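Notes follow the structure.
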Amino acid sequence: MFDDFFIRALIAGLGIALVTGPLGCFVVWRRLSYFGDTLSHSALLGVTIAYSFEINIALSVFLISSVVALILIQLQKKTNLPGDALLGLLAHSSLAVGLVVIGFLTFIRFDIMGLLFGDILAVTTDDLLIIWTGGALILLVLKFIWKPLFASTVNYELAEAEGLNPDRAKAIFTILMAAVIAISIKMVGLLLITGMLIIPAAMARNLSDSPQKMVLFSIIGGLLSVLLGLFSSLEFNTSSGPSIIMAALVLFILSLLNIKQSIKLKN
Amino acid sequence: MSLENNTLVKLNNAGFKQNDKWLVEGVSLTVEKGKIVTLIGPNGSGKSTTAKIALGIYKNIEGSVEKYTNKVGYVPQKISIDWTLPLRVHDFMLLTENIKDEAIDEALNLTGVIHLKNKNLGNLSGGEFQRVLIARAISKKPELLVLDEPVQGVDYTGEIALYELIKRISDTLNCGILLISHDLHTVMTATDHVVCLNGHVCCSGTPMDVAKNNEYKTLFGEQASQILSVYEHKHDHVHSDKGEIKKN
């Protein structure tokens, strides 16, 4: 019925949505959308390095994003610049370095559009393995650090005072962010990964009154976005990333109706 | 059991410096099981800082902290919850530890806010939120309770009831309490040990010792010291229904 590449893209997309759902909630709660952007911009450099040294793209992106995250944490400690300036600095300089390196790699033909916006044709069976084992690992670690991470999101001092070690949870979460970007870059593209994290979570916020519900709705929203997005991508021959994000946007707009209704009920 | 084993947290000449300014220095105090230690002092005297040193929130400190328990309940002075978090009272009760539903209900009952269990945290009034904060701290049956102005924003009758509750908890759970309060009346009735801070320890001891201290008098004024005397007075006699005074 469907071509193999499309089945692969579906399996990949659904795996990614399962991971971006809960992680996206934390991105919204902890106000990390620009942090996500910075990491994904640096992913371009990761991709070029993968091509230059012929190593796995996901692995290389993961390493570079982790390094950028570590540099960011160090800069935050050592300078007096505000957080958003540091994020912008790292995002654009790593993007620039990545583009310059691409310029030197004349012997390789790059599909820049595919890199930026995702390409369903590019998903291989190996990618599926990386997405599903990587994704399962990410979720497992997230479950393990959930309590301290969530408690310190609500109030850092409470978590610290009551012995939950929030600093360790935060450091681990940063690594998880790098990992989720690494596994979803082929599918969603580096410009739109943060959208995949934020939009389903934002939609879920409009529908939930507890953190667990928000995580659940965020996962469901992500899965639906992938399904809707990929089918329309096939139908209209559009890039996979933008199609998925647009589907998520439609769901978000629908969720706004729920807010309007609950405000009406209150009055 | 030796005395050492009753110690929950001990500050040895502890101090904390931020941006080259001492917030507090040279504080030594011990909180033991079943005892209430109260910190008093004017604004900016380092009460909350001392509590945070004891809790291990501030790490680069002078002196040292010895902590002998990990079962800690904390009611911070300031806490703001973000609207981006959908959080009900029930979720908040489970924030740092998974506790049984009965324990949650019991704690919320004790502080009189059981009816708010499924309400969104953002919709509570200041006083209601404060009661939830106290309920959360006691529901996990801690060995050490640190209460930083726990009844701020609570109505007058509620205030008295909550302080009675705190006293009762220290007895029933046999937990040590580090209390910060500006309400000298309560401080004096329920406290075993008072530490009066003003950037450093200006005096400490039993409530009566502190009341007699001259530094305390200059810091809080003559009237404050009379409050203490009134309360101390209450301990050595009782009034009968007819107003007669009976010595204990």
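Computed from the coordinates by the stated procedures, all read-outs in this text should not be read as laboratory data. Note that this is a predicted model, so its numbers are computed, not measured. Ideal geometry is used to build each Cβ from the backbone, glycine not excepted, and the neighbour counts take in all protein chains shown.
Basic side chains Lys and Arg get +1 at the Cβ, acidic Asp and Glu get -1 at the Cβ, and with that the dipole of chain A about its Cα centre reaches some 780 debye. For the peptide B:93-101, the mean number of other protein chain Cβ atoms found within 10 angstrom of a residue's Cβ is 4.
Each residue, B:ASN70 and B:ASP209, gets one label point 7 Å from its Cα in the Cβ direction; the gap between the two is 3.4 nm. Calculated on C-alpha atoms, the gyration radius of segment B:18-156 divided by its Kirkwood radius gives an Rg/Rh of 0.98. If both residues of a DSSP beta bridge must be in the protein assembly as shown, then about 55% of such bridges are antiparallel. Across segment A:178-194, coupling constants 3J(HN,Hα) worked out from phi with the 6.51/-1.76/1.60 Karplus curve, θ = phi - 60°, read 4, 5, 5, 5, 4, 7, 9, 4, 5, 7, 9, x, 6, 6, 10, 4, 4 Hz, and Gly and Pro carry x.
Counting lysine pairs in segment A:99-232 that sit 8 or more residues apart in sequence, or on different chains, and whose Cα atoms lie under 17 Å apart gives 4. Peptide A:160-171 shows a mean partner chain C-beta count of 4 within 10 Å per residue C-beta.
Quick one: grab the alpha carbon gyration tensor of segment A:64-207, order the square roots of its eigenvalues as a ≥ b ≥ c, and give me rounded if a/c is under 1.5, else prolate or oblate depending on whether a/b is larger than b/c. Because a/c hits 1.5 or more and a/b fails to exceed b/c, segment A:64-207 counts as oblate. Across peptide B:78-89, the average count of Cβ atoms from other chains found within 10 Å of a residue's Cβ is 5. Projecting the Cα positions of B:ASN120, B:VAL132, B:HIS90 onto the charge dipole of segment B:87-135 (unit charges on Cβ atoms of Lys, Arg, Asp and Glu, taken about the Cα centre) puts B:ASN120 furthest along the positive direction. Pairwise Cα distances in segment A:1-123 exceed 18 Å for 61 percent of all pairs.
For the pair segment B:80-141 and segment A:84-119, the centres of their Cα atoms are 47 angstrom apart.
Restricted to Cα atoms, segment A:15-77 shows a radius of gyration and a Dmax of 13.1, 38 angstrom. In chain B, what % of DSSP beta bridges are antiparallel (nearest 5)? If I count the DSSP bridges inside chain B, around 55 percent turn out antiparallel. In segment A:4-192, taking the dipole from charged Cβ atoms about the Cα centre, the farthest positive-side position among A:TYR51, A:GLY103, A:CYS25 is held by A:CYS25. Between the C-alpha center of segment A:4-72 and that of segment A:160-216 there is a gap of 12 Å. Taking only the alpha carbons of segment B:109-218, we obtain Rg and Dmax values of 15.5, 50 Å in that order.
Placing +1 on each Lys and Arg Cβ and -1 on each Asp and Glu Cβ, with no other charges, gives chain B a dipole about its Cα centre of roughly 260 debye. Modelled spin labels at A:LEU121 and B:ASP82, positioned 7 Å past Cα toward Cβ, are 4.1 nm from each other.
Every pair of different Cα atoms in chain B enters the Kirkwood calculation, which places the hydrodynamic radius at 19.1 Å. In the calculated pair-distance distribution of the protein assembly as shown, the portion above 37 angstrom amounts to 43 percent of the Cα-Cα pairs.
How large is log10 of I(q)/I(0) for chain A at q = 0.15 Å⁻¹ when the intensity is taken from the Debye formula with one equal scatterer per alpha-carbon? The calculated log intensity ratios at q = 0.15 Å⁻¹ are -1.10.
The calculated FRET efficiency for A:PHE53 paired with A:ALA171, based on their beta-carbon distance and R0 = 25 Å, is about 0.40. Here the label points at A:LEU89 and B:ASN109, each 7 Å from Cα along the C-beta direction, are separated by 5.7 nm in the simple model. Computed about the Cα centre, the dipole magnitude for the protein assembly as shown is approximately 260 debye when only Lys and Arg (+1) and Asp and Glu (-1) carry charge, each at its Cβ.
Relative contact order for segment A:4-192: 37 percent, from Cα pairs under 8 Å spaced at least 6 residues apart, divided by residue count.
With 30 Å as the limit, the listed pairs B:LYS21/B:LYS141; A:LYS77/B:LYS141; B:LYS67/B:LYS100 have B:LYS21/B:LYS141; A:LYS77/B:LYS141 beyond it between alpha carbons. Which Cα, out of A:THR153, A:ASN206, A:ILE64, lies furthest along the positive dipole direction of the protein assembly as shown (beta carbon charges, K/R +1, D/E -1)? Looking along the dipole axis, the top candidate is A:ASN206.
For B:SER125 and A:PHE144, a Förster radius of 51 Å and the Cβ-Cβ distance give a FRET efficiency of 0.90, rounded to the nearest 0.05. Rounded to the nearest 0.05, the FRET efficiency derived from the C-beta distance between A:ASP209 and A:GLU235 at R0 = 35 Å is 0.45.
Our summary gives chain B a relative contact order of 24 percent, counting only alpha carbon pairs under 8 angstrom and 6 or more residues apart.
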